[in-house]
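Undergrad: Mind looking over this structure? Questions follow.
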Amino acid sequence: MSTLAINTLTGQTSASSINVRGEGSANTNLQQGLAKAWISMNGTGTIAVRDSFNITSISDEGTGLTNVTIASDMSDGNYSLSGASGTYIANSDNVRLGFSTETTPPTSTLFRTITREANDDTNRDVTYSFAQVFGDLA
């Protein structure tokens, strides 16, 4: 059973809970499965957001380190993060994106990305970084 609310002023539909049946008899809650925030950013030179959803800002915290601020708070810092990175820098074809949790654990409003060269494990600024947030909004 799904519950939809329609805003009569704007005509927009919002879902309080939508369950769908996938394969077999298992139900999936679409609201819980949707990305709550995502970002595409340039981490070289003056860092910049290429495009994003539910992100207010980013800040350069040093080579390969970027703080990302979430606009609509998550319920806590226990959400799921995923991401990827790429670069045009010569001899840096094996750069990986991670999430720095030791010094800056995720909070309901912020997470930190870290990009590192896989060959020598040094932090690198990269041309493309992408991150997605899954979990429950506050």
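Undergrad: Of everything in segment 43-53 that's more than 22 Å from Phe134 (Cα to Cα) and among the polar types (S, T, N, Q), which residue is surrounded by the fewest Cβ atoms within 10 Å (Cβ to Cβ)? Walk me through how you get there before you give the answer.
TA: The initial filter retains those residues of segment 43-53 that are more than 22 Å from Phe134 (Cα to Cα), namely 43-48.
Going one step further and asking which of them are among the polar types (S, T, N, Q), we end up with 44, 46.
Numbers: Thr44: 15, Thr46: 6.
Of everything passing the filter in segment 43-53, Thr46 is surrounded by the fewest Cβ atoms within 10 Å (Cβ to Cβ).
Undergrad: In segment 54-123, which strands (runs of 3 or more DSSP E) lie fully inside it and hold 2 or more residues that are basic (Lys, Arg) and either crowded, with 19+ Cβ neighbours inside 10 Å or touching a strand residue (DSSP E or B) at 6+ places or on another chain (Cβ under 8 Å) (or both)?
TA: Working: elements: 55-60, 65-70, 80-86, 95-99, 110-117.
Passing ranges, in order: 110-117.
Undergrad: If only one of Thr10, Thr44 is within 25 Å of Thr115 (Cα to Cα), β-branched (Val, Ile, Thr) and at pLDDT below 95, which one is it? Walk me through it before giving the result.
TA: Details: Thr10 fails: within 25 Å of Thr115 (Cα to Cα).
Result of the check over Thr10, Thr44: Thr44.
Undergrad: Right, next: What's the number of the only condition in (1) among the hydroxyl-bearing types (Ser, Thr, Tyr); (2) loosely packed, with under 13 Cβ neighbours inside 10 Å; (3) modelled with pLDDT of 75 or more; (4) not in a strand (DSSP E or B) that Ser25 fails to meet?
TA: (3)
The values are calculated or read from the model by the stated rules, or taken from the named source; none is laboratory data. Computed from a predicted model, the values in this text were never measured in an experiment. When we count neighbours, we look across all protein chains shown, and the Cβ atoms used for this are built from the backbone with ideal geometry, even at glycine.
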